[in-house]
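Structure first, commentary second.
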Amino acid sequence: MAESREKTGKSSGGEAAAGAAASGPVAPQGPRVSVRTQYVKDLSFENPGAPKSLADGAGPPKIQVNVDVEAKPLGGNHYEVALQISAAGKQNDTAVFVVELVYAGLFALENIPRDRVETVCLVECPRLLFPFARRIVADATREGGFPPLLLDPIDFGRLYRKHRSSVPEK
C-alpha cells in the first residue's frame, strides 16, 4: 500500500514526537560505569638469579600469585580503583623472579545506588582493569627471560564475597 504525505510548514508526526521528547521530562538513565583513564601506578620486576635461573635445565618455577583490590573516593562520583598483583616464581625455595604491579583506573560512577558503590568498585571496576594488568604481567615476565606468565581469569565477585564474610560487621 502506498502512502502519500503533503508537505506543510509543520513537522511530521515523527519529528514532533522527537521534539516533544527532547523538551519533556527526561527519564533517568540507568547505572553507568565510565573508565576515565587507566594507568600503571607501580611496576617492579626482579630477576635475582639471572642468568643462572634462565638456564634450560632449570625447569619451570613454582609460581604463587596474590591479588588485592583497593578503591578510594576522589570526590563527586569519581573513584580510583587499584588492582594489585604480585607473582613470585621459585625453584627449590629460591626466588627466580618477582613481579609486582599496581594497575589503577579512574572511574566515574553514575546513577549507582549508594549501597552498591562498594560492590561496583571492588568487583566491576577490577574486572575491567584485569585484561590490561594481565598483559603487563605477561610482558614483564617474558622480557625478564621467562615464558609469559598468563594469569587465569579472576572471579572478583567471589573474592569480594570472601572478603565481606571475613570482615566483622560494624
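Close Lys pairs in the range 29-166, defined as Cα atoms under 27 Å apart and 8 or more places apart or on different chains, number 9.
With the simple spin-label model, which puts each label point 7 Å out from Cα in the Cβ direction, the D42 to L159 separation comes to 1.6 nm.
Quick one: grab the alpha carbon gyration tensor of the range 29-166, order the square roots of its eigenvalues as a ≥ b ≥ c, and give me rounded if a/c is under 1.5, else prolate or oblate depending on whether a/b is larger than b/c. Prolate, because a/c is 1.5 or more and a/b exceeds b/c.
Spin-label model, L128 to R116: label points 7 Å out along the Cα-to-beta-carbon direction sit 1.4 nm apart.
The I136 and L54 beta-carbon pair, evaluated with R₀ = 22 Å, returns a calculated FRET efficiency of approximately 0.60. For T119, neighbours were defined as the other residues whose beta-carbon sits under 13 Å from its Cβ, and their charges (Lys and Arg +1, Asp and Glu -1) total +3. For F132, neighbours were defined as the other residues whose beta-carbon sits under 13 Å from its Cβ, and their charges (Lys and Arg +1, Asp and Glu -1) total +3. Taking a Cβ cut-off of under 15 Å around K72, the surrounding Lys, Arg, Asp and Glu residues balance to a net charge of -2, with basic ones at +1 and acidic ones at -1. Remark: the range 27-170 carries a charge dipole of roughly 340 debye about the Cα centre, counting +1 on each Lys and Arg Cβ and -1 on each Asp and Glu Cβ.
Every read-out reported here was derived from the displayed coordinates using simple, explicitly stated rules and does not represent laboratory data. Everything numeric here is computed off the predicted structure, so don't read it as measured data. All Cβ positions, even for glycine, are placed from backbone atoms using ideal geometry, and neighbour counts span all protein chains on display.
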